[in-house]
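J.: Below are the structure tokens for one structure; questions will follow.
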């Protein structure tokens, strides 16, 4: 089914939800990767990370 729905571009690999926060130089300051697509990063945790890294506006 993946191959059919992706016009043959995906032969069996599922995407993995991920969040990356980078600094201005492109260095990864925070990453959240979870292969369980049902478990997402909460907005509260992301905001806490951003405040801690002082990257939020």
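J.: If I filter region 1-26 down to residues being assigned to a loop (DSSP other than H, G, I, E, B) and touching a helix residue (DSSP H, G or I) at 6+ places or on another chain (Cβ under 7 Å), which single residue comes out as surrounded by the most Cβ atoms within 10 Å (Cβ to Cβ)?
T.: 10
J.: Can I ask one more? Within region 42-53, is even one residue in a loop (DSSP other than H, G, I, E, B) and under 18 Å from the mean Cα position of the chain (by Cα)?
T.: Within region 42-53, one or more residues are in a loop (DSSP other than H, G, I, E, B) and under 18 Å from the mean Cα position of the chain (by Cα).
J.: Out of 29, 43, 48, which single residue is exposed (fewer than 11 other Cβ atoms within 10 Å of the Cβ), without any contact (Cβ under 8 Å) to a residue 40 or more places away in the chain and at negative phi?
T.: Testing whether each residue is exposed (fewer than 11 other Cβ atoms within 10 Å of the Cβ), without any contact (Cβ under 8 Å) to a residue 40 or more places away in the chain and at negative phi leaves just 43.
J.: Of the residues 14, 55, 2, only one is modelled with pLDDT under 80 and in contact with a strand residue (DSSP E or B) (Cβ under 7 Å, 6 or more places away or on another chain); which?
T.: Sole residue among the options that is modelled with pLDDT under 80 and in contact with a strand residue (DSSP E or B) (Cβ under 7 Å, 6 or more places away or on another chain): 55.
J.: Please identify the pairs in which a residue from region 1-13 that is closer than 21 Å to residue 36 by Cα has its Cβ atom under 9 Å from the Cβ atom of a residue that is outside any loop (DSSP other than H, G, I, E, B), counting only partners at least 6 apart or on another chain.
T.: 10/2; 10/3; 11/2; 11/3; 12/2; 12/3; 13/2
The values are calculated or read from the model by the stated rules, or taken from the named source; none is laboratory data. Every value quoted in this text rests on a predicted model; they were computed, and no experiment measured them. For neighbour counting, all protein chains shown are included, and Cβ atoms are generated from backbone atoms with ideal geometry for every residue, glycine included.
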